[in-house]
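Shown next, in structure tokens, is the structure this report addresses.
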Amino acid sequence: MRFDELSFGSIRIDGVTYGHDVVIDRGKVSKRKKKASKKFRDRFGHTPLSLEEGIPWKCRRLVVGTGTGAMPVMDKVKAEAKRRKIELFILPTAKAIEEIKRHPDRTNAILHVTC
């Protein structure tokens, strides 16, 4: 998996530009479906990552890119990762990409590309 470019509002992976948040699940890239988490927005001031979303749990490592640090990750997500014995990394998206590159074969990710 090749990360070519990250800028506010978009990310380019393997030559394809995505203008939205992405989920990387065992090497496949798809759009993050955050609608289920929007009900928590008022509590956090931003749509957080919640268990209501399709989190790609089939991995040893889950990397969450929080944009510039604005996207919250709910405590229930952290607890579920711990219960599943998945190493969870919560980092600004630019640093999250570097973490994915360290062990891409064992890593799934959710990357926020704005704010």
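In this simple spin-label model, placing a label point 7 Å from the Cα along the Cα-to-Cβ direction at both Lys31 and Thr68 gives a separation of 2.5 nm. Each stretch of four or more DSSP H residues adds -39500 (n - 2.57); spread over every residue of the chain, this sum gives -5500 deg cm²/dmol at 222 nm.
Grab the beta carbon distance between Glu80 and Glu5, set R0 = 35 Å, and tell me the FRET efficiency rounded to 0.05.
After rounding, the FRET efficiency stands at 0.65.
For Lys28, the aspartates and glutamates whose Cα comes closer than 12 Å to its Cα, not counting residues fewer than 8 places off in the same chain, are Asp14, Asp105.
Going through (1) 14, 45, 31, 10, 1; (2) 15, 52, 30, 3; (3) 14, 44, 27, 12, 3, 0, the figure that equals P(r) over Cα pairs in 10 Å bins from 0, in percent as computed for the structure here is (2). 3J(HN,Hα) couplings calculated from phi for segment 17-24 with the Karplus curve 6.51 cos²θ - 1.76 cosθ + 1.60 (θ = phi - 60°) are, in sequence order, 8, 10, x, 7, 4, 10, 10, 10 Hz; Gly and Pro show x. Normalised per residue, the accessible area of the chain is 57 Å², obtained with a 1.4 Å probe and no contribution from ligands, DNA or RNA.
The values are calculated or read from the model by the stated rules, or taken from the named source; none is laboratory data. Source: prediction; values computed, not measured. Note that each Cβ is placed from the backbone with ideal geometry, even for glycine, and that neighbours are counted across all protein chains shown. All accessible areas refer to the heavy atoms of the entire protein, side chains included, with ligands and DNA or RNA removed. Shrake-Rupley method; radii C 1.70, N 1.55, O 1.52, S 1.80 Å.
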